[in-house]
Amino acid sequence: GKALTLQRFSAESGSTTLSADGVIALSPRVDARLKASANRLDVDELIALAAAFSPASAGSRRSSSGPGARIVASITAGQATAAGVHATNFATDLTRDGDSVTLKPLKMELFGGRYEGAIAARLGQQLSARLESKIADLDVAQLAAFGGAEDTITGRLSGAGTFTGSGADFAELLHDARGSGNATIVNGTIRRLHLVRTVILF
């Protein structure tokens, strides 16, 4: 009839490999609802995979016959990377509709703590996005070591913020991101006080 049952689907993009199954409605528009899992996943490559799902009729090239495909996928991965940061227990609901891609909610564990947030991105020659982020109980010593300021500060970091940015890929987008937020470090110490400015800037 008007539905297609997807029993098995696999895709690869760089280091990202995922498998999926689900149901795809064919009318009045292609509307897929999938469940996907991956051993390792890269957020950059995940967005690239989402872009590949939609035919050339998306966005400004959308045909007059109707809207483009919509893909909704619940995705989990034991390990993930985002702009060079390694994370575990990654989970998100990804929606691709026209030129827009959303990852909401977006959850992962990193630097000994937890991240919860959402990304609303628009595809094109430049990737633009709005990021809502909340972090809880991150190990500041791990975070400082990642930023090249090891053995300077300890404690647990929590915070939240909203940011917007654009770039050729997710890493460039994060580098460009601007916004506002708050952060609190508790139960910690600061060593080598002459490096405080370097640590806080990072």
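The values are calculated or read from the model by the stated rules, or taken from the named source; none is laboratory data. The structure presented is a predicted model; accordingly, all values stated were derived computationally and were not measured. Cβ atoms come from the backbone with ideal geometry, glycine included; neighbour counts cover every protein chain shown. Each accessible area value is taken on the protein alone, full model and side chains, heavy atoms only, with ligands, DNA and RNA left out. Shrake-Rupley method; radii C 1.70, N 1.55, O 1.52, S 1.80 Å.
Checking every residue in segment 132-140 against the condition of being surrounded by 19 or more Cβ atoms within 10 Å (Cβ to Cβ) and more than 15 Å from the chain's Cα centre (by Cα) gives at least one match. Pairs only if they're at least six apart or on different chains, beta carbon under 7 angstrom, first in segment 19-31 and basic (Lys, Arg), second open to solvent by 60 Å² or more (accessible area, probe 1.4 Å) and at pLDDT below 95; list them, first residue then second. Once the first residue is basic (Lys, Arg) and sits in segment 19-31, its partners that are open to solvent by 60 Å² or more (accessible area, probe 1.4 Å) and at pLDDT below 95 give Arg29/Pro67; Arg29/Arg70. Taken as a whole, the condition of being modelled with pLDDT under 95 and either in a loop (DSSP other than H, G, I, E, B) or out of contact with any Cys (no Cβ under 8 Å at 6 or more places or on another chain) (or both) does not apply to Glu109. Applying the criterion of being of a type in the set (Val, Ile, Thr) and touching a Ser or Thr at 6+ places or on another chain (Cβ under 6 Å) to the residues of segment 180-202, the residue that is modelled with the highest pLDDT is Thr184. Tell me yes or no: at least one residue of segment 141-164 is within 20 Å of Thr16 (Cα to Cα) and either under 14 Å from the mean Cα position of the chain (by Cα) or without any contact (Cβ under 8 Å) to a residue 40 or more places away in the chain (or both). Taking every residue of segment 141-164 in turn, none turns out to be within 20 Å of Thr16 (Cα to Cα) and either under 14 Å from the mean Cα position of the chain (by Cα) or without any contact (Cβ under 8 Å) to a residue 40 or more places away in the chain (or both). When each of Ile47, Ile24 is tested for being open to solvent by less than 80 Å² (accessible area, probe 1.4 Å), under 22 Å from Leu173 (Cα atoms) and at pLDDT 75 or above, the lone residue that passes is Ile47. Scanning segment 1-29 for residues that are farther than 27 Å from Ala80 by Cβ and either small (Gly, Ala, Ser) or within 24 Å of the chain's Cα centre (by Cα) (or both) returns Gly1, Ala3, Ala25, Ser27.
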